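First the structure, which I've put down as structure tokens, then a few questions once you've had a look.
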Amino acid sequence: MRTQPRVLLDATAIPAERGGVGRYVDNLTEALDAAGAALSVVCQHRDAETFAQLAPHSRIVPTAEELGSRPARLAWEQTTLARLAKRLPVDVIHSPHYTMPLAAGVPIVVTLHDATFFSDRSLHVGVKGRFFRAWTRTSLRRAAVCIVPSQATADELTRYTHPRPDAMVVAYHGVDRTIFRAPDADQVQAVRDHLELGDQEWIAFLGTLEPRKNVPALVRAFIRAVSPREDRPALVLAGSRGWDMGVEPAIAAVPESLRVIQAGHLPVDLLPGLLGGAVVVAYPSLGEGFGLPVLEAMACGAAVLTTRKLAMPEVGGDAVAYTGTGAGDIAASLTELLDDPARRAGLSAAALDRASMFTWAASAQAHQVAYDRAAAIGAMRG
């Protein structure tokens, strides 16, 4: 086991329903623990048992209070987290979701998940956009090191915020192959039963229904691509409902002869069957810092259709199909894939191979580089 640096990972911002950031923290914690990192994890009480199972060799510290709102958690971060780091004690704090304690007394590593708050401001209007832009700039200026999940994210942040040259470390996400792998017949049937699909095929989307996921365009493309067909797959939208006000009007315009299923947040054990059992997984995002659902779909052997925006080519390489972001482009690409089973089979095989390149062990190793660099900066300042 490594004895230095001693790292405190702040997992208090993770929602109970694990989305992409939640799965990132869970899997990273497990991989760091397996690699022998000197790790402490502070989390909310509801997550203490989960982290104890994920990281049996690490110290798990439940918060004394419930942090049910963002203001409460941010206040806790600025006050109690620094005192906890001193009491344990630790050499580095890792804040994995944009924000950081401003007076911690030890070096901070911050994860910045994407740059779309700058590159596509129309998708992040109002208080939320200003909040994340301000904290991204603050973290790049004041943290010892910032971790980003792709070179595209690093390049965009450099373009918009002009950080110092050594401010960022790229650490690709991994994929949990114990969960995300080609499904067996029972797993696919479980999805059919859960969604009442019967014998109908389906096109799958997985992700929060937020504006940059481009779901309204996907729904319109689905109508165009599937309406002329005799074999009409359903469209399954899985993930938290989010805040894209264009989704419901788009679905309302779907003809009665077609079927769109709003599956909501699905249990993780259903995701391999959903993704690997789909005729196509469509993820026409307007921009991603990484695109974890695409990697998870690839690991399940899915034929994936996505865009070339930001990090997607770094993840998909030549193992996915690409499309533009407009409904017409997406419809044409969907039609090509639906009409070409051989192409889909080729993508499936290539996706499985490429997904094996992304491991949480490698991600943990890159994070450890960031921790070591931060600790060295702290030692020089001390």
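Yes or no, residue by residue, for (1) within 26 Å of Ser150 (Cα to Cα); (2) small (Gly, Ala, Ser); (3) outside the structural domain of Ala16 (by TED's automatic domain parsing); (4) touching a strand residue (DSSP E or B) at 6+ places or on another chain (Cβ under 8 Å):
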site	(1), (2), (3), (4)
Pro267	no, no, yes, no
Leu275	yes, no, yes, yes
Val279	no, no, yes, yes
Tyr283	yes, no, yes, yes
Glu296	yes, no, yes, yes
Ala349	yes, yes, yes, no
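Between a residue in the range 99-117 that is free of Cβ contacts under 8 Å to residues at least 40 places away in the same chain and any residue that is of a type in the set (Ser, Thr, Tyr), which pairs come within a Cβ distance under 6 Å, given they are 6 or more apart or on different chains?
Filtered contacts from the range 99-117: Val110/Ser95; Val110/Ser139.
So, one more: Given (1) touching a Pro at 6+ places or on another chain (Cβ under 8 Å); (2) at pLDDT below 95; (3) of a type in the set (Gly, Ala, Ser), where does Ser95 come up short, assuming only one miss?
(2)
In the list Leu237, Leu258, which residue meets the criterion of being outside the structural domain of Gly129 (by TED's automatic domain parsing) and over 17 Å from Thr335 (Cα atoms)?
Numbers: Leu258 fails: over 17 Å from Thr335 (Cα atoms).
On inspection, the qualifying residue turns out to be Leu237.
In the range 239-272, what count of residues is obtained for those that are touching a Gly at 6+ places or on another chain (Cβ under 7 Å) and buried (at least 17 other Cβ atoms within 10 Å of the Cβ)?
So the count comes out to 1.
Note down all Cβ pairs under 6 Å where the first residue falls in the range 236-247 and is within 9 Å of Val215 (Cβ to Cβ), the second is aromatic (Phe, Trp, Tyr), and they're at least six residues apart or on different chains.
Taking only residues 6 or more apart or on different chains, the pairs are Leu237/Phe205.
Another question about this same structure. Can Thr29 be described as under 25 Å from the mean Cα position of the chain (by Cα), crowded, with 21+ Cβ neighbours inside 10 Å, assigned by TED's automatic domain parsing to the domain that holds Ile147 and in a helix (DSSP H, G or I)?
yes
Let me ask something additional. Does Gly289 satisfy the criteria of being part of a loop (DSSP other than H, G, I, E, B), within 18 Å of the chain's Cα centre (by Cα) and of a type outside the set (A, V, I, L, M)?
yes
Residues are listed down the side, and each one gets a yes or a no for (1) of a type in the set (Val, Ile, Thr); (2) surrounded by fewer than 22 Cβ atoms within 10 Å (Cβ to Cβ); (3) more than 22 Å from the chain's Cα centre (by Cα):
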{"position": "Leu39", "(1), (2), (3)": "no, no, yes"}
{"position": "His45", "(1), (2), (3)": "no, yes, yes"}
{"position": "Pro56", "(1), (2), (3)": "no, yes, yes"}
{"position": "Thr63", "(1), (2), (3)": "yes, yes, yes"}
{"position": "Ala82", "(1), (2), (3)": "no, yes, yes"}
{"position": "His94", "(1), (2), (3)": "no, no, no"}
{"position": "Asp120", "(1), (2), (3)": "no, yes, no"}
{"position": "Gly126", "(1), (2), (3)": "no, yes, yes"}
{"position": "Val145", "(1), (2), (3)": "yes, no, no"}
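The values are calculated or read from the model by the stated rules, or taken from the named source; none is laboratory data. Everything numeric in this text was worked out from a predicted model, so none of it was measured. Here the Cβ is made from the backbone with ideal geometry for all residues, glycine too, and neighbour counts use every protein chain on show.
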